[in-house]
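The structure appears below as structure tokens.
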Amino acid sequence: SDGITILEVRERKATWGKAVDGDIPINIHLVFYNPNPVPIAIPRIDYTMRLNGIALVEGTSIKPAILAPRQESDVPIKARLKSENLDDWWVAHLKNGEFTRVDVEIDAVLNIENAKFPIRVLKCSSTLKTDILNPEGKTESSKPKCLPAGVLTR
């Protein structure tokens, strides 16, 4: 693409935290690269994970990030699985022939020169198929199909 690169998303991953009393934490880890000579502010990062349209993970980062000039910056986000929505998902999964579509999206909002710019950090989809009523049944999941990591240009 033509233009000046404002920001690169270099790494995106998530890991499960230790579940305590029904609270299931998810640690989202993002690495951004700021190629500019000035810092960039990310006041907010929005994230969702929907299973058959039911939001099991949803929220907004609570701590703004400042990306240092010409450096990579780690931006950790503490999310949690909405365990209260697991029953609704399971019913939808069974009604859907034991099939689930998983959609994950992460969007950052940048603040550059008092203007806000959204950037898609992650958009992935995958599927999950179970066969729990069959004694030889197995669980199958598809490899996530993801859009490439975002680069914001101007």
At R0 = 41 Å, how high is the FRET efficiency between residue 90 and residue 120 if r is their beta carbon distance? Nearest 0.05 is fine.
0.90
What does the accessible area per residue of the chain come to in Å², with a 1.4 Å probe and no ligands, DNA or RNA counted?
62 Å²
Round to the nearest 0.05 the FRET efficiency obtained for residue 151 and residue 129 when R0 = 41 Å and r is the Cβ-Cβ distance.
0.75
Among 81, 128, 51, which one shows the biggest mean-square fluctuation in a GNM of the chain, springs joining Cα atoms closer than 10 Å?
128
Can you give me the % of accessible surface on the range 1-153 that is carbon or sulfur? Probe 1.4 Å, all protein chains present, nothing else counted.
54 percent
If the limit is 23 Å between Cα atoms, which of 82/116; 63/116; 13/145 go over it?
82/116
Equivalent ellipsoid semi-axes for the chain, as square roots of 5 times the alpha carbon gyration tensor eigenvalues: give them largest first, rounded to whole Å.
35, 17, 12
Expected sort for 91-98, 7-14 on mean C-beta neighbours within 10 Å, highest first, is 7-14, 91-98
Can you tell me, using C-alpha contacts under 8 Å and at least 6 residues apart, the relative contact order of the range 51-102 as a whole percent?
56 percent
Taking Lys and Arg as +1 and Asp and Glu as -1, residues besides residue 132 with C-beta under 15 Å from its C-beta add up to -1
Excluding residues fewer than 8 positions from residue 18 in its own chain, the aspartates and glutamates with Cα under 18 Å of it are 84
Against the longest alpha carbon principal axis of the chain, how many degrees, from 0 to 90 and to the nearest 10, is the axis of helix 86-95 turned?
60 degrees
Under a Cβ-Cβ cut-off of 15 Å, what is the net charge of the residues other than residue 31 that fall near it, where Lys and Arg count +1 and Asp and Glu count -1?
0
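The values are calculated or read from the model by the stated rules, or taken from the named source; none is laboratory data. Just so it is clear, the model here is predicted, and its values are computed rather than measured. So basically every Cβ, Gly included, is an ideal-geometry build from the backbone, and we count neighbours across all protein chains shown. Calculation scope for accessible area: heavy atoms of the full protein, side chains included, ligands and nucleic acids excluded. Shrake-Rupley method; radii C 1.70, N 1.55, O 1.52, S 1.80 Å.
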